[in-house]
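A short write-up of the structure that comes next.
The values are calculated or read from the model by the stated rules, or taken from the named source; none is laboratory data. Source: prediction; values computed, not measured. Counting neighbours? That spans all protein chains shown, and the Cβs are built from the backbone with ideal geometry, glycine included.
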Ligand code: B12
Ligand code: SF4
Ligand code: SF4
């Protein structure tokens, strides 16, 4: 992991990028540049007058403090915010624990809340045995999907950035942690189906609170076995390319990872370690081809932040990484919408045809179809059956009864649409 922030890439001891990029379907151009955390939209909302506003201040404030007057709109009442903020509480406790040291662990800084690494090491029979054990343990701690990839410096932020002191600092992941365990935790389907709403932000909060428990526990387990390990959520590096390399899923038009198990409805975390483990390979199940014919996220995004065309190396502003041919989202527009509605958004997750519960066999058939030449049929079915529609937040509060009413409402609107189709 060499010098902390070299402007050029140190590839010594790194995997053969050409080979792994081909497997992952990454198109890295000659003008590639690593990303500085200071330029992500959240960080810019603290130092850049183009993003920072009275409304953005209020947006952050209402994650901690009540609004003076609550909105009456369904999904934005005091109860909705009370629940959303409580789901963030566990994650917030970890994040705020070292604020007096100018650290916001899990978001701008990797976690440092551990007991020491054991002096004696447990040895594994083989890297495969080690990988199996760690995946099993991560799942016991609550991870839904786990993959392992080799440390790849390209995705590490060149610098991290403090929202508090507004200073750039070196990325301080210790040297020699050559393996990255990437975890995905599912987010709640029904909560996400209420977006746009403050209530839907509870899926995000729950995701981070679960994430924090999983990554911290896995890291401590590795340390108890005598290996160095550092847990991380959004800090230090880019989760999506690492998750793709670790075989957790494919990249979608909406700029998110699409997993086979939960589609894009996941939160990602990672643990850097020096325990040698067998690596996973990228997974392909037809997402790129399906996104080629689908535009549900492009159309669904309230501020048209998601591209319509083929992948390109176009960037919208300083908040996009340079030199990668991919689908890229306009983060300024996206965050602008969050600030305007005073909560985060997941409409692109809600409307994505891969946002299904794949423990049900029928949806697995649909996912299989989406990966074949019958993908247009699958897409038409998905649209006609009305998937991705919004659930009224007040129905969510009614529990099973509300879910049932929502089903009936969907059925009635389906009949109405059928009539319109046939007339
Ligand atoms: C900052 C940020 C945002 C910001 C701003 C992004 C920006 N451009 O600054 C905004 C407000 C837009 C945002 C929105 C959302 N985010 Co966000 N975000 C992040 C965060 C913290 C940092 C990413 C970053 O630095 N981006 C800046 C540059 C690199 O952006 P970019 O060039 O546009 O690249 C994006 C993608 O193309 C991809 N990417 C980057 N490099 C490469 C390289 C290759 C080869 C490929 C294929 C992809 C890829 O990752 C970037 C994600 O922003 C990550 C956590 C993390 N550390 O990765 C979560 C993260 C990406 N967000 C996440 C989610 C879920 C969301 C939302 C749905 C909100 C929500 N309710 O949770 C929306 C979705 C918007 C969308 N369609 O992309 C998840 C994604 C999970 C998944 N299934 O993939 C992450 C990983 C958080 C987590 N811990 O799970 N986010
Ligand atoms: S989170 Fe909302 S605003 Fe942002 S890209 Fe997705 S749909 Fe658009
Ligand atoms: S909504 Fe459609 S185009 Fe967008 S990511 Fe999902 S499958 Fe791809």
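Observations
- Looking only at segment 334-352, and only at residues there that are more than 16 Å from ligand 3 (Cβ to nearest atom) and closer than 24 Å to residue 263 by Cα, the one that is surrounded by the most Cβ atoms within 10 Å (Cβ to Cβ): 343
- Residues (free of Cβ contacts under 8 Å to residues at least 60 places away in the same chain and either crowded, with 20+ Cβ neighbours inside 10 Å or within 8 Å of ligand 1 (Cβ to nearest atom) (or both)) located in segment 287-296: 291
- For residue 69, the conditions (1) surrounded by fewer than 16 Cβ atoms within 10 Å (Cβ to Cβ); (2) modelled with pLDDT of 95 or more all hold with the exception of (2).
- Across segment 236-244, a minimum of one residue is classified as within 16 Å of ligand 3 (Cβ to nearest atom), buried (at least 23 other Cβ atoms within 10 Å of the Cβ) and in contact (Cβ under 8 Å) with a residue 40 or more places away in the chain.
- The residue that is surrounded by the fewest Cβ atoms within 10 Å (Cβ to Cβ), among those in segment 192-214 that are more than 10 Å from ligand 1 (Cβ to nearest atom) and more than 15 Å from residue 93 (Cβ to Cβ), is 196.
- The combined condition, being in a strand (DSSP E or B), under 22 Å from the mean Cα position of the chain (by Cα) and under 24 Å from residue 277 (Cα atoms), is fulfilled by residue 147.
- Of the residues making up segment 362-395, just one is farther than 23 Å from residue 259 by Cβ and within 16 Å of ligand 1 (Cβ to nearest atom), namely 393.
- Residues of segment 297-333 classified as more than 9 Å from ligand 1 (Cβ to nearest atom) and crowded, with 20+ Cβ neighbours inside 10 Å, total: 1
- On the stretch given as segment 218-245, residues that are in contact with a strand residue (DSSP E or B) (Cβ under 7 Å, 6 or more places away or on another chain) and over 20 Å from residue 174 (Cβ atoms) total 4.
Rundown of residues vs (1) touching a strand residue (DSSP E or B) at 6+ places or on another chain (Cβ under 6 Å); (2) modelled with pLDDT of 95 or more; (3) over 19 Å from residue 179 (Cα atoms); (4) outside any helix (DSSP H, G or I), yes/no style:
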residue	(1), (2), (3), (4)
44	no, yes, yes, no
51	no, yes, yes, yes
64	no, no, yes, yes
117	no, yes, no, yes
122	no, yes, no, yes
133	no, yes, no, no
136	no, yes, no, no
